[in-house]
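Asker: The structure under discussion is supplied below as structure tokens; questions concerning it will follow.
Just so it is clear, none of the values below were taken in a lab; they were calculated from the coordinates. Bear in mind the structure is a predicted one, so any value in this text is a computation, not a measurement. Backbone-built Cβ (ideal geometry, glycine too); neighbour counts: all protein chains shown.
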Amino acid sequence: MNIPLELVSVQTDDDLSRVRKAVSTCASSLSFDVMSRTRLVTAASELARNMLKYGGGGVVQIEKLRESSRVGLRATFEDQGPGMADTEKALTDGFSSGRGLGLGLGGARRLVDEFLLDSQPGRGTKVSIATWVRNR
Ligand SMILES: Nc1ncnc2c1ncn2[C@@H]1O[C@H](COP(=O)(O)OP(=O)(O)O)[C@@H](O)[C@H]1O
Ligand SMILES: [Mg+2]
């Protein structure tokens, strides 16, 4: 079962800190440890920045994931920008079509449990990340 927690619109630089705050607050409310929370916030920050820089802005949806034996957090980043012709290339460390370091997408993927990138030229971009709460 997915339970919607927050919806954040990203149109300006100021919205990036709103995304970080929202992800951090939601992760805390689900009892994530500090390390997992930091990883989620860092990944979300990179993806929201990409959405703004390359996608012309978009929306971030944060959901609680609930399965029979585990709880998780998913954040989905969706924009209606130009999309990407080659998602594998975009995920390659060091590739940037702008003047970036090219570590955002690959880095975000390494920081979370689940990572989905769906993009086509002219069809916008959707990136979804999820991490499960670790049982202590
Ligand atoms: N939302 C997006 N819409 C279109 N292209 C994107 C989007 N996000 C990432 N990209 C493409 O993927 C490349 C790699 O992204 P990233 O790893 O974050 O590196 P950087 O932001 O430093 O360029 C970007 O340079 C851009 O070409
Ligand atoms: Mg980036």
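Asker: Tell me the residue from Asp33, Asp13, Asp86, Asp79 that is within 14 Å of Leu117 (Cα to Cα), in contact (Cβ under 8 Å) with a residue 24 or more places away in the chain and among the acidic types (Asp, Glu), please.
Answerer: After applying the criteria, what remains is Asp79.
Asker: Moving to a separate point now. In the stretch 92-123, how many are over 15 Å from Ala44 (Cβ atoms) and more than 11 Å from ligand 2 (Cβ to nearest atom)?
Answerer: 9
Asker: Right, another one. Can you name the number of the only condition in (1) over 16 Å from the mean Cα position of the chain (by Cα); (2) in a loop (DSSP other than H, G, I, E, B) that Glu88 fails?
Answerer: (2)
Asker: Which ones in the stretch 16-30 are crowded, with 16+ Cβ neighbours inside 10 Å, closer than 11 Å to Ile62 by Cβ and touching a residue at least 24 places away in the same chain (Cβ under 8 Å)? Show your work before the answer.
Answerer: Restricting attention to the stretch 16-30, the residues satisfying the condition of being crowded, with 16+ Cβ neighbours inside 10 Å are 16, 18-20, 22-24, 26-27, 30.
Subset that is closer than 11 Å to Ile62 by Cβ: 19, 22-24, 26-27, 30.
The answer is Val19, Ala22, Val23, Cys26, Ala27, Leu30.
Asker: Which numbered condition in (1) within 13 Å of the chain's Cα centre (by Cα); (2) over 18 Å from Gly124 (Cα atoms); (3) within 16 Å of ligand 1 (Cβ to nearest atom) is the only one that Arg49 fails?
Answerer: Answer for Arg49: the failing condition is (2).
Asker: How many residues are within 17 Å of Gly58 (Cβ to Cβ), in contact with an Asp or Glu (Cβ under 7 Å, 6 or more places away or on another chain) and among the charged types (D, E, K, R) when one looks only at the stretch 80-136?
Answerer: Looking only at that region, the number is 1.
Asker: Next up: What's the total number of residues in the stretch 14-56 that are within 15 Å of ligand 2 (Cβ to nearest atom) and of a type in the set (D, E, K, R)?
Answerer: 4
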